[in-house]
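Q: Submitted below is the structure of interest, expressed as structure tokens.
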Amino acid sequence: MLFGKNLLTSQDIYISKNQKMKAVVDDKIPYIKGQIEQLVDEVVYQPGSDISADDVRDADILIVRTRTHCDRTLLADSNVKLVVTATIGFDHLDTLYLDAAGIRWTNCPGCNASSVRQYVHNALLSTGYLKPGFTAGVVGVGHVGSLVAADLESEGLHVLRCDPPKGEPATLNEIAEQADIITFHTPLTRAGDCPTWHIADEAFFSSLKHKPLIINSSRGAVVDNKALIRALDEGLVCDAIIDTWEGEPELNVELLQKAIIATPHIAGYSADGKANATRMSLQAVCEFIGKPFTLDIQPPTLPLGFAYGECKDGPLRLYDPRVDTAQLKAQPECFEYFRGNYPLRREFEK
């Protein structure tokens with residue numbers, strides 16, 4: 001868990017323990033209702049994309065997902081002292097502004113890593129690409145990418161790991177030359193030594209040697225969507241599995257129809273991953289207000305005879321991404337609805 005640059009002090013905790021606290025919470029964060037009320041005095045739930053400066057003006061804590069842009073426009077005239085995003089990624093937080101304004105912020109690193117691993121595994125399994133002997137390039141080897149890489153190796157694939165900041169040896173050029181599958185698991189950055197915005201661009205696709213399958217379940221703009229369409233049309237790429245899209249919730253309908261698996265940014269949306277994110281978010285609140293964390297946050301158990309799709313046994317019984325794909329392709333305008341009303345999905349038999 002990451003607390004910006006503004007660390008807590010004993011004085012901060014003492015003040016917070018002796019004043020009434022108000023939290024504004026994205027109403028689609030699961031398993032949080034009835035839990036955060038045990039920590040603060042007042043809770044207001046709002047759709048994440050609708051949270052406004054007026055909504056947070058008198059709030060002390062803001063808990064969001066990716067649809068709320070936390071920046072000067074939202075927070076300059078507010079009383080907010082802590083921003084928590086119940087997600088791994090935090091490119092929707094203006095961290096430079098938050099640090100300068102003295103507002104603590106935290107994300108939930110690794111909360112849904114196992115969920116994304118399940119998504120990649122089952123997407124490959126359901127499309128016939130989970131083949132021993134294939135070479136997979138994993139771009140970004142943090143919490144998520146490291147699990148995906150280990151899972152693919154356990155299935156008999158040769159894995160090239162590319163992550164310069166972490167010292168992983170493979171380069172993008174080597175992956176372009178050798179990989180049959182390329183899967184992206186990076187944050188979205190536009191600056192620094194290794195920016196990831198459009199890391200898969202027209203030049204990258206032109207350099208591919210094996211007509212690979214492309215997977216993006218990281219951030220939409222890591223892959224240039226228009227360049228990917230051209231690569232598919234020109235046979236530089238054989239197929240695409242896309243969960244994250246440029247311009248969400250609007251999406252490129254042409255890419256949607258061309259992708260073999262196309263889902264509404266739900267790779268990390270297993271009930272297990274959601275419970276982890278909520279648990280970590282409330283742990284951050286407890287740390288901020290100086291209370292011990294004693295809440296028990298668990299996802300629901302599977303009903304008898306549960307099957308996510310038509311498959312009644314094996315990993316696809318727990319999650320079959322073809323179900324989400326069919327829904328999104330039939331109704332792309334319902335992207336946000338599918339994401340906000342996602343059905344029960346478990347990673348394990350519970």
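The values are calculated or read from the model by the stated rules, or taken from the named source; none is laboratory data. Fair warning: this is a prediction, and the values are worked out from it, not measured in the lab. Ideal geometry is used to build each Cβ from the backbone, glycine not excepted, and the neighbour counts take in all protein chains shown.
Q: Is the stretch 135-144 home to any residue that is surrounded by fewer than 24 Cβ atoms within 10 Å (Cβ to Cβ), β-branched (Val, Ile, Thr) and in a loop (DSSP other than H, G, I, E, B)?
A: Scanning the stretch 135-144 turns up at least one residue that is surrounded by fewer than 24 Cβ atoms within 10 Å (Cβ to Cβ), β-branched (Val, Ile, Thr) and in a loop (DSSP other than H, G, I, E, B).
Q: Determine if the stretch 199-213 includes at least one residue that is buried (at least 17 other Cβ atoms within 10 Å of the Cβ) and closer than 21 Å to Asn112 by Cα.
A: Among the residues of the stretch 199-213, not one is buried (at least 17 other Cβ atoms within 10 Å of the Cβ) and closer than 21 Å to Asn112 by Cα, which makes the answer no.
Q: Kindly evaluate Lys211 against the criterion of being modelled with pLDDT of 95 or more and within 18 Å of Leu124 (Cα to Cα).
A: It is true that Lys211 is modelled with pLDDT of 95 or more and within 18 Å of Leu124 (Cα to Cα).
Q: Additional query: Hey, can you tell me all the residues within the stretch 214-245 that are buried (at least 20 other Cβ atoms within 10 Å of the Cβ) and among the charged types (D, E, K, R)?
A: Matches in the stretch 214-245: Arg219, Asp224, Asp243.
Q: Among helices (runs of 4 or more DSSP H) lying entirely in the stretch 1-99, which contain 2 or more residues that are farther than 20 Å from Pro109 by Cα and at pLDDT 95 or above?
A: Because the criterion is at least 2 residues that are farther than 20 Å from Pro109 by Cα and at pLDDT 95 or above, the helices (runs of 4 or more DSSP H) in the stretch 1-99 that meet it are 53-56, 72-75.
Q: Still on this structure, I have one more. Any residue at all in the stretch 306-322 that's farther than 18 Å from Leu124 by Cα, buried (at least 19 other Cβ atoms within 10 Å of the Cβ) and in contact with a Ser or Thr (Cβ under 8 Å, 6 or more places away or on another chain)?
A: No, there is no match, as no residue in the stretch 306-322 is farther than 18 Å from Leu124 by Cα, buried (at least 19 other Cβ atoms within 10 Å of the Cβ) and in contact with a Ser or Thr (Cβ under 8 Å, 6 or more places away or on another chain).
Results for (1) in the same structural domain as Gln19 (by TED's automatic domain parsing); (2) of a type in the set (S, T, N, Q); (3) over 23 Å from Asp26 (Cβ atoms), shown as yes or no for each residue.
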position	(1), (2), (3)
Ala284	yes, no, no
Pro300	no, no, no
Ala307	no, no, yes
Lys312	no, no, yes
Arg322	no, no, yes
Tyr337	no, no, no
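Q: For residues in the stretch 256-284 being polar (S, T, N, Q) and not in a helix (DSSP H, G or I), which is nearest to Lys211 (Cα to Cα)?
A: Thr263
Q: Given the options Pro187, Pro165, name the one that is under 24 Å from Pro321 (Cβ atoms), surrounded by fewer than 23 Cβ atoms within 10 Å (Cβ to Cβ) and not charged (D, E, K, R). Talk me through it step by step, then tell me what you get.
A: Working: Pro165 fails: under 24 Å from Pro321 (Cβ atoms).
Answer to the check: Pro187.
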